[in-house]
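The structure appears right after this line, and notes come after that.
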């Protein structure tokens with residue numbers, strides 16, 4: 001749109017259709033209007049929002065409290081979003097359109113918090129810190145989905161894999177009293193399920209949604225069965241050790257960012273590590289190119305000598321590994337014991353994050369953090385005495401995904417050969 | 001007019017399937033068609049038995065003594081469990097015979113109650129299974145039956161308790177239809193999105209499921225909550241006039257809804273196989289491209305198929321509320337929506353097949369309750385067995401290789417589905 005220095009093809013791919021440019025601009029302007037009409041108008045000018053900027057129980061990277069004049073802050077936020085909206089309407093952000101929609105959404109959430117906590121105090125850092133934790137299973141679920149779908153296999157069994165992994169991790173962790181072996185156990189069980197999914201979808205060419213459903217029903221039944229038969233009668237089987245906080249030297253001392261990102265348990269670091277590995281491996285290596293080519297056009301890939309079947313098995317097994325880590329998070333990184341159905345749909349939100357993130361690792365992390373933040377706000381709403389039911393906050397990820405799928409925020413770029421079994425001729 | 005349309009559609013179907021199947025041709029694969037589901041069920045039960053034996057501590061202890069003791073212990077445990085499963089779901093034959101000989105009406109009713117209870121359990125399965133089957137026939141994968149069921153149940157509950165003073169013959173059907181309408185509306189949204197924007201119904205219905213769960217959670221703890229429920233998410237009791245009548249006194253829950261289910265199944269069969277609408281649905285379902293070339297309105301067909309499927313799912317929720325529960329709580333469904341995918345596939349997406357598979361699953365679930373009491377085997381084993389049966393039905397090649405069946409000349413019809421990015 002603006003000064004394009006790249007090749008012409010680049011310009012074409014990232015061009016934003018006029019109707020979308022208009023739609024996004026209107027949406028952003030509407031957000032500004034909402035902030036102004038609902039939040040600003042209902043705040044008296046003498047109120048102050050007090051944000052505590054250090055999560056509870058942390059003594060590294062502490063920071064003083066932030067006292068914001070509620071009305072002024074809201075006005076600034078509204079003006080900022082309005083500026084984004086107007087710029088989008090007049091000039092357009094081009095490639096950055098989706099990012100700016102995300103920024104506007106973030107401003108809306110911030111404004112909402114400032115408004116809700118006007119005249120009160122809110123531990124913002126604590127909320128962000130728990131948002132990061134809540135984002136872990138969602139983001140890992142999304143990564144698991146990316147690995148499967150980039151090589152052409154629809155994986156709706158992430159939820160089932162995570163549930164099974166969370167139970168196995170709890171049992172393995174309790175038996176060995178070693179968190180790492182617990183994590184390995186979780187990964188192992190998820191990989192087993194991934195293999196079943198792979199064999200059904202690749203070898204037997206079963207419809208991939210049905211094979212995913214098989215895994216999900218099986219996991220729900222099996223975990224409930226084992227939980228009732230053993231975990232509830234033998235408590236020693238359900239007392240794993242947990243991964244504790246590991247502050248990263250120096251980084252953990254940075255105010256605000258340190259406690260939120262660098263003073264967490266190993267799962268948060270794993271999430272970032274997998275993000276970097278995945279982003280590099282998928283888009284900078286030959287391995288990634290091959291994996292993606294199998295997902296986009298298996299026949300062409302086969303013609304070029306890439307083993308489609310093998311690549312797909314590899315993709316689905318790696319998908320299982322990542323889902324296993326995500327599942328183990330529930331028992332070893334968050335709760336410390338297994339409860340029936342404890343994944344509570346996080347695998348499906350992961351799927352949503354994957355779609356919102358446009359099948360890209362970095363985008364999925366952004367979506368995962370956004371959904372985690374929505375989750376964190378939802379759980380704090382009642383404490384703030386909000387009139388908005390927390391359930392509505394919990395619906396947000398699903399609604400956003402449907403809106404994305406409908407093409408209101410730009411068409412997603414799903415791998416082209418997704419869902420099709422490959423038949424060698 | 002409609003006669004002409006039908007001919008075009010039939011011509012297309014013939015084009016797709018080759019020539020019109022004649023009576024003789026249909027007869028032979030029929031046995032083959034039933035063989036896979038039957039063997040899948042058998043294998044599922046065998047694997048369930050293995051699971052029972054493997055997870056039993058007494059069996060392990062017996063194996064510690066000697067191999068033979070272990071085997072016999074495993075055998076007795078499995079037999080006890082499965083005996084409980086079948087007497088729990090079909091009744092104790094000895095008791096039934098004695099009751100019949102005694103001639104005491106009450107005793108007879110109690111003796112056959114397990115069978116009746118199995119029918120009660122099968123009723124929502126029939127509706128939900130029909131919902132998925134109708135979707136599959138229209139080329140749609142409705143994985144959102146669970147959510148549609150919840151919305152349908154909520155609508156039926158609301159009409160059931162909020163309206164007073166209506167005679168039963170109006171109130172009851174009204175509440176039931178409200179449930180159907182709720183489910184239909186909930187399924188129409190993904191149908192509309194698929195038809196107009198290409199957003200895939202699988203992902204959209206999954207998302208709609210979770211929105212439905214959160215919505216009902218909010219409804220039951222907010223606007224629709226029972227006064228003095230102590231903060232529990234629970235709706236008020238529905239009016240007596242809205243209740244679907246049960247045939248016998250209290251412990252026996254057998255109700256009219258079962259027969260409504262059978263009638264609805266017949267209606268679905270009639271719609272799918274005897275009307276132009278049904279033909280259009282099926283044509284779009286088998287080959288959307290050919291249907292488009294023949295001038296059929298695929299967008300309309302997608303929306304219609306989805307809406308009807310949702311209506312059936314809504315009925316499943318409504319019948320549970322109006323006939324059995326009489327008020328709505330969050331634990332309304334034991335996964336009917338997901339089980340129904342298995343039901344539809346085992347029943348080959350045919351209403352008769354769906355009824356049969358629903359009866360089977362209703363029986364299993366009912367019997368599992370008794371099995372839990374007798375052998376302390378968690379009821380969730382039914383889910384495991386269901387998943388295994390679904391797997392075998394979806395991948396008949398596995399069953400064929402286990403039982404050395406010959407491969408049929410014609411490849412099984414695959415359910416139409418491609419990626420969900422919305423490219424069409």
20 Å cut-off, amide nitrogen to a point 7 angstrom out along residue A:403 Cα→Cβ, residues in the range A:60-98: A:77-90, A:92-98
FRET E, pair residue B:97, residue B:54, Förster distance 35 Å, beta-carbon r, rounded to 0.05: 0.45
Calculated FRET efficiency for the pair residue A:99/residue A:244, C-beta based, R₀ 35 Å, to 0.05: 0.50
Chain lengthening between residue A:86 and residue A:233 when straightened (0.36 nm per residue, less Cα-Cα): 46.7 nm
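Which ordering of B:50, A:400, B:377 is given by a fewest-first count of other beta-carbon atoms within 10 Å? List each step's numbers first, then the result.
Details: B:50 12, A:400 22, B:377 25.
Final ranking by Cβ density, sparse to dense: B:50, A:400, B:377.
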Reciprocal mean inverse distance between Cα atoms of the range B:61-107 - Kirkwood radius, Å: 12.9
Dmax and Rg, reported as Rg then Dmax, of the range A:247-307 (C-alpha, Å): 18.2, 54
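Shape verdict for the protein assembly as shown, please, from the Cα gyration tensor: rounded (a/c under 1.5), prolate (a/b greater than b/c) or oblate.
Details: a/c = 1.42, a/b = 1.34, b/c = 1.06.
It is rounded, given that a/c, with a ≥ b ≥ c, falls under 1.5.
Can you bin the range B:83-129 into rounded, prolate or oblate? Criterion: square roots of the alpha carbon gyration tensor eigenvalues sorted a ≥ b ≥ c, rounded for a/c under 1.5, prolate for a/b above b/c, oblate for the rest. Numbers along the way, then the final one.
Details: a/c = 4.42, a/b = 1.97, b/c = 2.24.
Oblate, because a/c is 1.5 or more while a/b does not exceed b/c.
Can you run the Rg to Rh ratio on the range B:337-390? Use alpha carbon positions and the Kirkwood inverse-distance Rh. Please report the intermediate quantities before stating the final value.
Values: Rg = 11.8 Å, Rh = 11.4 Å.
Expressed as Rg/Rh, it is 1.03.
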Neighbour-count order for A:334, B:309, fewest beta carbons within 10 angstrom listed first: A:334, B:309
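Counting only C-alpha contacts under 8 Å and six or more residues apart, can you give the relative contact order of the range A:8-119 as a whole percent?
Working: 142 pairs, mean separation 45.3, N = 112.
Relative contact order, the range A:8-119: 40 percent.
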Choice from B:53, B:153, B:131 with maximal GNM fluctuation in chain B (Cα, 10 Å cutoff): B:53
19 Å reach of a label modelled at residue B:228, 7 Å along Cα-to-Cβ, counting backbone N of the range B:146-183: B:161-162
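When the convex hull of the C-alpha atoms of the range B:99-236 is computed, what volume per residue in Å³ does it have?
On the way: hull volume 23.4 nm³, N = 138.
Each residue corresponds to 170 Å³ of Cα convex hull volume.
If you take the alpha carbon radius of gyration of chain B and divide it by 2.2 N^0.38 Å, what ratio comes out, to two decimals?
Values: Rg = 23.2 Å, N = 424, 2.2 N^0.38 = 21.9 Å.
Scaled against compact globular proteins, the figure is 1.06.
Write down Rg/Rh for the range B:116-346, rounded to two decimals, with Rg from the C-alpha atoms and Rh from the Kirkwood relation over Cα pairs. It would help to have the intermediate numbers written out before the result.
On the way: Rg = 17.6 Å, Rh = 17.6 Å.
Answer for the range B:116-346: 1.00.
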Estimated inter-spin distance, residue A:300 and residue A:109, nm [label 7 Å along Cα→Cβ]: 3.7
Rotationally averaged projected area of the range A:8-119 (alpha carbon convex hull; nm²): 9.2
Average beta carbon contacts from partner chains per residue of B:210-216, 10 Å cutoff: 6
Residues residue A:269 and residue B:299, FRET efficiency given R0 of 45 Å [Cβ-Cβ distance, rounded to 0.05]: 0.40
Spin-label zone in the range B:311-331 - amide nitrogen under 11 Å from a point set 7 Å from the Cα of residue B:237 along the C-beta vector: B:326-327
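Quick one: B:132, B:145, fewest Cβ neighbours within 10 Å first, how do they rank?
B:132, B:145
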The range A:128-405: proportion of alpha-carbon pairs further apart than 32 angstrom, %: 23
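Starting from 0.36 nm per residue, how many nanometres of slack lie between residue A:62 and residue A:199 once their C-alpha separation is accounted for?
44.2 nm
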Residue-averaged beta-carbon neighbours from other chains (10 angstrom radius) around B:133-143: 1
Residue with peak Gaussian network fluctuation, chain A [Cα springs, cutoff 10 Å], from A:280, A:351, A:163: A:280
Cα-based Kirkwood hydrodynamic radius, the range A:102-256, one decimal, Å: 18.5
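Bear in mind these aren't lab numbers, they're just calculated from the coordinates by the rules spelled out. These numbers were taken from a predicted model, which means no experiment stands behind them. Cβ sites come from the backbone with ideal geometry, for glycine too, and all protein chains shown count toward neighbours.
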